[in-house]
Ligand code: BG6
């Protein structure tokens, strides 16, 4: 049976993404307070965040390049400590003006600004007060959200709360955000207490957004990737359910229904790690409703039944690699999937499967807020970057997204990672994702000049024909 031609909606948000600390630079100047990213110890051989790719000073040039590609949207984040250097209290007007100008620049080019409120960069001053482990963090975030809604709400219609809260919880050590007080006896409890505070903070921010800005839309932006069972063994199917609950559904169940996933709740209870709940929390969680779901997708995971093994390190290793969780599941390689140069599996069909699963569970429109390939790129002598591998990755994922639309999944847009080369979370700028190449290396050397990659021209064509020819 031949299916009808599938088309992307005419108002589909084709664009791309970035985050403040990974592109801006000017991280300790212009009135900005340091964030957890500025105080973390950078892995050796990683480019300097004080310059990053200097988007702070070159945003006009960058937005013009995005406009040249035909972007309909640009997803970027606001650095909390740029607008509130201490995380609360005194405002940095220069920081507020920077984002105001950035938003205006997008609008000038008919690019919809999609704003992430928090992307891995807690103000260092709040880190010193215990970060998300402090119950006051709920109020800190709500006050910060209010400032953003009041300052930019006249122009920003799409908001994202917390980027990849599931990765902050599962691999905060890898991305440099984990803060656990010395001497903490039950680390799991501490981490899931922090997670609970983030969930309540997010719920209150969503509610506030709806009160203050009735026309705006707001969503969470977790990193969702379904877990496959490694075999047809029933125990492996249970392990996949465990992995899906802990990595994925906890976050979306909370954002959409305000309810703890039962598998996660019982897993935490077994470890005496249930979070302390304050009266009113469940009410706040139940009252808050996202308008859509922001989803970051890179690849799936494959798991089997847990068995203790000598010398086997059980943990999530990076956002997209895992070795498992004690008593719950063990991660295994999937022999059907190739890997990137940085060891992440590539699974476009898993993208379709993930989209189907999310939509059938939550029935909310989906905005892809990240998807992309980190690779070593080479700048040729004549100023070109032949990144056919990236084009191939993006093409196959867009094809599967299109098939998901044919499956009845409601899609709002596609904002892959990343608009421009940037500093990766823990593997430097050598791991490049952008459509726009930046001359900068991990020794922090380079002119910072921008170059159009082959993928730039390819994506320009995709946007121009609304995804019909890939
Ligand atoms: C996501 C993050 O986890 O993946 C981004 O939201 C990050 O901030 C992206 O850069 C790619 O990961 P990495 O580790 O290659 O930078």
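When the residues of region 370-396 are filtered to those that are touching a helix residue (DSSP H, G or I) at 6+ places or on another chain (Cβ under 6 Å) and touching a residue at least 60 places away in the same chain (Cβ under 8 Å), the one that is farthest from the ligand (Cβ to nearest atom) is 386. Here residue 438 qualifies as under 19 Å from residue 47 (Cα atoms) and either within 16 Å of the ligand (Cβ to nearest atom) or touching a residue at least 24 places away in the same chain (Cβ under 8 Å) (or both). State whether the residues of region 242-253 include one that is in contact with a strand residue (DSSP E or B) (Cβ under 7 Å, 6 or more places away or on another chain), crowded, with 18+ Cβ neighbours inside 10 Å and free of Cβ contacts under 8 Å to residues at least 60 places away in the same chain. Yes, that holds for at least one residue. Quick one: would you say residue 49 is more than 27 Å from residue 440 (Cα to Cα), surrounded by 19 or more Cβ atoms within 10 Å (Cβ to Cβ) and touching a helix residue (DSSP H, G or I) at 6+ places or on another chain (Cβ under 9 Å)? When the stated conditions are applied, residue 49 does not pass them. Can you find a residue that is within 16 Å of the ligand (Cβ to nearest atom) and either modelled with pLDDT of 95 or more or surrounded by fewer than 19 Cβ atoms within 10 Å (Cβ to Cβ) (or both) anywhere in region 324-339? Yes, region 324-339 has at least one match. Residues being in contact (Cβ under 8 Å) with a residue 12 or more places away in the chain, within 16 Å of the ligand (Cβ to nearest atom) and in contact with a helix residue (DSSP H, G or I) (Cβ under 7 Å, 6 or more places away or on another chain) are entirely absent from region 127-142. Suppose the filter is within 16 Å of the ligand (Cβ to nearest atom) and on the phi > 0 side of the Ramachandran plot; does residue 176 pass it? Here the answer is yes, as residue 176 does meet what is asked.
Scanning region 406-437 for residues that are over 19 Å from residue 298 (Cβ atoms) and in contact with a helix residue (DSSP H, G or I) (Cβ under 9 Å, 6 or more places away or on another chain) yields 407, 408, 410, 436, 437.
Within region 69-77, identify whether any single residue is buried (at least 21 other Cβ atoms within 10 Å of the Cβ), part of a helix (DSSP H, G or I), in contact (Cβ under 8 Å) with a residue 60 or more places away in the chain and on the phi < 0 side of the Ramachandran plot, and answer yes or no. Checked region 69-77: at least one residue is buried (at least 21 other Cβ atoms within 10 Å of the Cβ), part of a helix (DSSP H, G or I), in contact (Cβ under 8 Å) with a residue 60 or more places away in the chain and on the phi < 0 side of the Ramachandran plot. For region 193-239, residues that are free of Cβ contacts under 8 Å to residues at least 12 places away in the same chain, farther than 25 Å from residue 299 by Cα and outside any helix (DSSP H, G or I) total 1. In region 455-470, the residues that are on the phi > 0 side of the Ramachandran plot reach residues that are buried (at least 17 other Cβ atoms within 10 Å of the Cβ) with C-beta atoms within less than 8 angstrom, at least six apart or across chains, in these pairs: 466/8; 466/12; 466/14; 467/8; 467/12; 467/14; 467/398; 467/402. Scan region 258-267 residue by residue and report those that are out of contact with any helix residue (DSSP H, G or I) (no Cβ under 6 Å at 6 or more places or on another chain) and either buried (at least 19 other Cβ atoms within 10 Å of the Cβ) or under 24 Å from residue 351 (Cβ atoms) (or both). Correct list: 260, 267. Within the option set 427, 399, 357, being within 16 Å of the ligand (Cβ to nearest atom) and touching a residue at least 12 places away in the same chain (Cβ under 8 Å) holds for one residue only, 427. Of all residue pairs spaced 6 or more apart or on separate chains, those with beta-carbon atoms under 7 Å, a first member in region 166-189 that is farther than 22 Å from residue 118 by Cβ and a second member that is away from the ligand (no atom under 11 Å from the Cβ) and assigned to a helix (DSSP H, G or I) are 184/190. Out of everything in region 1-35 that is part of a loop (DSSP other than H, G, I, E, B) and within 20 Å of residue 106 (Cα to Cα), what residue ends up being farthest from the ligand (Cβ to nearest atom)? Among those that are part of a loop (DSSP other than H, G, I, E, B) and within 20 Å of residue 106 (Cα to Cα), it is 10. In the set 447, 418, only one residue is within 16 Å of the ligand (Cβ to nearest atom) and modelled with pLDDT of 95 or more; that residue is 418.
All conditions but one from (1) in a helix (DSSP H, G or I); (2) within 16 Å of the ligand (Cβ to nearest atom); (3) modelled with pLDDT of 95 or more apply to residue 170; the one that does not is (3).
The values are calculated or read from the model by the stated rules, or taken from the named source; none is laboratory data. Note that this is a predicted model, so its numbers are computed, not measured. Ideal geometry is used to build each Cβ from the backbone, glycine not excepted, and the neighbour counts take in all protein chains shown.
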